[in-house]
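Peer 1: Here's a structure for you.
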Amino acid sequence: MAVRRDAVANIIVCVKQVPDPEAPPSAFRIDDGGKRIADSPGVSSVLNGFDENAVEAALRIKDAAGGRITVLSLGSAFAADVVKKPLSMGADDLVLLQDETFDDLDSYGTALVLSEALKRIGEFDLVLCGRQASDWDNAQAPLGIAELLGIPCITVAQKVEINGGVVVAERVLSGGYEVVEADMPALVTVSNELGEPRYPTLRGIMTAGRKQPTVWSADDLGIDRARLERRIRIMDLFLPVRDRQCEVIQGEDDADSGRLLALRLREEKLI
Amino acid sequence: MVDVLAFGEHAGGKIAPITADLIAAARGVGGRVAVVLMGGDLTGLEAQTAPLGVDKVYTVQHPLLAGESVDMLVSALEQVCRRVQPRVLLLGKTAIGRDVGPCVAFRLGVGAAQDSVAVEAGGQTGRIVATRPVYGGTAMAKVTFGSSNPQVVIMRPGAVERGSVPGAGEGVAEEAEAIEVELDESIRKVRHVETVRKESERMRLDGASVVVSGGRGLRGPEPFAMLEELAGLLGGAVGASRAACDAGWVDHSYQIGLTGATIRPDLYVTVGISGASQHMAGCSGAKRIVAINKDADANIFKEASFGVVGDWSKVLPSFMEAVRDLVRS
């Protein structure tokens with residue numbers, strides 16, 4: 001992990017393709033094995049939202065001080081339009097870590113593979129990740145990457161800036177924030193408080209379409225598969241039934257419904 | 001011998017509520033329960049753990065543990081785990097625990113179950129089974145651990161009913177032990193610069209008995225003035241969905257949901273909120289939910305007790321007028 005102080009920053013952003021968390025809960029299905037969410041027509045694949053915030057954080061640093069942004073994604077299968085989105089937003093390169101073995105990793109395995117890929121990339125100053133993935137909501141892999149690489153880790157940032165060889169970030173707290181800093185190379189996880197990610201431009205989409213990702217398998221990374229054995233095993237995955245039997249208040253028109261709602265809540269002594 | 005070790009948190013010389021949650025969860029697992037307290041100065045804290053019902057209190061006092069550096073806490077807790085060898089390590093999903101727990105697990109080469117709402121010793125093996133919401137709460141997973149210890153579980157605050165666990169809250173004869181840890185300044189990789197508190201006149205969301213929230217369906221910041229007025233009439237606080245915060249209509253301190261505030265009001269009134277799982281994760285503790293939304297198929301109507309399917313801009317003014325009359329009478 002050589003750090004280049006002489007050139008612009010090398011930023012790596014880790015992103016994950018996930019089932020759309022905005023899809024209605026009723027569209028989700030559990031697959032037959034009872035251990036994962038099944039592909040379902042009502043649930044499309046998207047880039048994890050917090051990862052888009054991380055891409056935006058990287059682009060803001062690049063806008064301010066220059067830099068090169070490499071996007072890193074891990075999985076067994078990818079939708080090109082999903083994983084290429086960061087390129088269309090303005091990132092420079094895409095590295096896909098693709099292997100059948102990567103289909104069933106826990107946070108430990110995920111962090112291990114990503115840290116090996118980072119070692120192979122070699123020269124980087126800053127690693128940015130979303131604060132958590134909206135599928136398993138683990139918020140663990142970024143901490144693991146930093147642990148395995150022995151680099152500083154700052155979580156849940158709403159602002160990330162670099163100043164010489166130092167990263168300065170605002171870490172979201174309940175009722176405020178904390179300003180922290182660390183020597184680079186360092187890892188920072190980004191939260192939605194950073195602000196909305198930019199839209200891809202037409203030109204960006206066309207450039208992204210032409211770019212060929214670099215693809216590395218487990219063998220390319222020299223990963224011993226025994227090290228990827230799950231430390232956390234899924235016994236059961238289920239969709240809780242939520243139906244509170246909503247009492248729908250229906251008046252003559254919307255205004256009347258509003259009035260009747262207030263009366264009904266008073267009846268229940270709720271107001 | 002300690003079976004379950006709880007990472008106790010404290011602030012301002014007082015044991016934090018999460019510590020009682022963890023001890024209750026630990027009692028549910030069974031065996032000998034210990035709590036570990038870490039800090040620069042633990043004077044008076046040890047005595048406060050007696051009523052919580054632990055078998056043993058470990059104290060780790062070191063000048064470098066003042067100031068809640070995650071790097072220092074991880075190193076200290078790793079050293080404590082190697083010494084005490086608990087089968088189970090419990091932490092709270094707090095700003096500290098959610099980072100310290102996974103880092104200690106990675107360092108010890110074991111797994112961690114993040115954001116768990118229930119924990120039990122499972123079946124014949126006695127390995128821990130943790131239940132955790134995933135996919136933003138759309139699904140629930142039961143997970144268990146490989147053969148290595150400790151089994152690290154990070155518990156969602158407020159998930160454990162403290163009174164429901166036998167033994168929890170009972171004064172148990174306890175022993176105390178101070179553990180020496182080796183720490184030095186080189187362990188600190190992330191440096192604290194300053195903490196900035198946003199002063200707010202607003203009523204706090206946590207603890208409010210009535211909360212009124214707006215979402216994407218409001219289509220702009222202006223309607224929040226009406227929600228403020230409604231909250232004022234009901235003696236409640238105003239919140240928002242993440243979409244409304246991300247759009248810049250209100251500050252992110254309004255955000256309710258998985259990564260925002262968690263609320264447990266008696267009455268939760270939502271306006272223009274579809275009820276995505278990530279939002280519901282922050283308000284599932286609400287006793288009654290009221291929904292005003294124009295989409296009859298919106299998920300919020302599956303979670304609400306009372307609802308109006310209609311245009312909020314017509315429903316809300318007459319609702320408020322009626323509320324105004326009712327609260328005056």
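Peer 1: How large is the convex hull of the C-alpha atoms of chain A per residue, in Å³?
Peer 2: Hull volume normalised by residue count: 190 Å³.
Peer 1: Quick one: check the C-alpha center-to-center distance for the range B:10-38 versus the range A:97-173, whole angstrom.
Peer 2: 30
Peer 1: Using helices alone, what [θ] at 222 nm do you get for chain A, with -39,500 (n - 2.57) per DSSP H run of 4 or more residues, divided over all residues and rounded to the nearest 500?
Peer 2: Counting only the DSSP helices, I get -8000 deg cm²/dmol.
Peer 1: If you plug each phi of the range A:224-236 into the Karplus form 6.51 cos²θ - 1.76 cosθ + 1.60 with θ = phi - 60°, what whole-Hz ³J(HN,Hα) values come out, in order, with x for Gly and Pro?
Peer 2: So the Karplus estimates, Gly and Pro as x, are 6, 4, 4, 6, 8, 4, 4, 8, 10, 10, 7, 8, 7 Hz.
Peer 1: To the nearest 500 deg cm²/dmol, what mean residue ellipticity at 222 nm is calculated for chain B from DSSP H runs of n ≥ 4 alone, each contributing -39,500 (n - 2.57), summed and divided by the residues?
Peer 2: -7500 deg cm²/dmol
Peer 1: Report the residue, chosen from A:170, A:22, A:247, that carries the largest GNM mean-square fluctuation when chain A is represented by alpha-carbon nodes joined by springs under 10 Å.
Peer 2: A:247
Peer 1: Something else now. Across the residues of A:237-243, average count of Cβ atoms on other protein chains within 10 Å?
Peer 2: The per-residue average across the peptide is 5.
Peer 1: Something else: Could you put B:192, B:10 in order, starting from the residue whose Cβ has the fewest other Cβ atoms within 10 Å?
Peer 2: Ranking B:192, B:10 by Cβ neighbours within 10 Å, fewest first, gives B:192, B:10.
Peer 1: When only DSSP loop residues count, what trypsin sites (Lys or Arg not before Pro) in the range A:171-271 have their Cβ near at most 10 other Cβ atoms within 10 Å?
Peer 2: Passing sites in the range A:171-271 are A:269.
Peer 1: Across the range B:210-328, how large is the tail of the calculated P(r) beyond 26 Å, expressed as a percent of all Cα pairs?
Peer 2: Here the tail beyond 26 Å accounts for 8 percent of pairs.
Peer 1: Let me ask something else. Relative to the Cα centre, what is the charge dipole magnitude of chain B, using +1 at the beta carbon of each Lys and Arg, -1 at the beta carbon of each Asp and Glu, and rounding to the nearest 20 debye?
Peer 2: Here the size comes out at about 820 debye.
Peer 1: Here's another thing I want to ask about it. Looking at the range B:4-187, what % of the alpha carbon pairs are farther apart than 31 Å?
Peer 2: Of all Cα-Cα pairs in the range B:4-187, 10 percent lie more than 31 Å apart.
Peer 1: Check the straight Cα-Cα distances from residue B:56 and name the lysines below 28 Å, setting aside those fewer than 8 residues away within the same chain.
Peer 2: Within the straight-line limit of under 28 Å, residue B:56 reaches these lysines: B:14, B:93.
Peer 1: Set Lys and Arg Cβ to +1 and Asp and Glu Cβ to -1, take the dipole of the protein assembly as shown about its Cα centre, and tell me which of B:187, B:176, B:252 lies farthest positive.
Peer 2: Value computed over the given set: B:252.
Peer 1: Only helices at least 15 Å long along their own axis, judged from Cα atoms, and with Kyte-Doolittle mean hydropathy of -1.0 or greater: name those in chain A from DSSP H.
Peer 2: For chain A, where a helix must reach 15 Å along its axis and average at least -1.0, the hits are A:49-65, A:107-121, A:254-267.
Peer 1: If R0 is 51 Å, what FRET efficiency do you get for residue B:321 and residue A:44 from their C-beta distance, rounded to 0.05?
Peer 2: 0.75
Peer 1: Something else about it: In terms of Cα to Cα distance under 14 Å, which aspartates and glutamates are near enough to residue B:302, apart from those fewer than 8 places away along the same chain?
Peer 2: A:243, A:247
Peer 1: What does the structure give for A:178-184 when I average, per residue, the other chain Cβ atoms found within 10 Å of the residue Cβ?
Peer 2: 5
Peer 1: On C-alpha positions alone, give me the angle between the axis of helix B:17-29 and the longest principal axis of chain B, in degrees, nearest 10.
Peer 2: For B:17-29 against chain B, the angle is about 60 degrees.
Peer 1: Please get the size of the charge dipole for the range B:272-311, origin at its Cα centre, with Cβ charges of +1 on Lys and Arg and -1 on Asp and Glu, quoted in debye to the nearest 20.
Peer 2: With only Lys, Arg, Asp and Glu charged at Cβ, the dipole is about 200 debye.
Peer 1: Hey, how much of the P(r) for the protein assembly as shown falls beyond 41 Å, as a percent of Cα pairs?
Peer 2: 26
Peer 1: Only four residue types carry charge here, +1 at the Cβ of Lys and Arg and -1 at the Cβ of Asp and Glu. Report the dipole size of the range B:210-328 about the Cα centre in Debye, rounded to the nearest 20.
Peer 2: That gives a dipole near 240 debye.
Peer 1: Cross-chain or 8 or more residues apart, Cα under 16 Å: how many lysine pairs in chain A fit that? Count them up, please.
Peer 2: Qualifying lysine pairs in chain A: 5.
Peer 1: Among B:38, B:84, B:67, flag the residue with its Cα farthest along the positive direction of the charge dipole of the range B:4-187, charges on Cβ as +1 for Lys/Arg and -1 for Asp/Glu.
Peer 2: After comparing all options, I get B:84.
Peer 1: Sum up the charges of everything whose Cβ sits under 10 Å from the Cβ of residue B:128, counting Lys and Arg as +1 and Asp and Glu as -1, but leave residue B:128 out.
Peer 2: In short, +1.
Peer 1: With θ taken as phi - 60° and the coefficients 6.51, -1.76 and 1.60, list the Karplus ³J(HN,Hα) couplings across the range B:98-112 in order, rounded to whole Hz; mark glycine and proline as x.
Peer 2: 5, 9, 5, x, x, 4, 5, 4, 4, 5, 8, x, 10, x, 10
Peer 1: Same structure, new question: Sort B:60-70, B:209-219, A:37-47 for me by packing, meaning the mean count of neighbouring Cβ atoms within 10 Å per residue, highest on top.
Peer 2: By packing density, highest mean first, the sequence is B:209-219, B:60-70, A:37-47.
Peer 1: Next up: Assign one of three labels to chain B, namely rounded, prolate or oblate, based on the Cα gyration tensor with a ≥ b ≥ c the square roots of its eigenvalues; rounded applies when a/c is under 1.5, prolate when it is not and a/b is larger than b/c, and oblate otherwise.
Peer 2: Because a/c hits 1.5 or more and a/b exceeds b/c, chain B counts as prolate.
Quick note: the coordinates plus some simple rules give every number you see, no bench work behind them. Remember, it's a predicted structure, so these values are computed and weren't measured experimentally. Note that each Cβ is placed from the backbone with ideal geometry, even for glycine, and that neighbours are counted across all protein chains shown.
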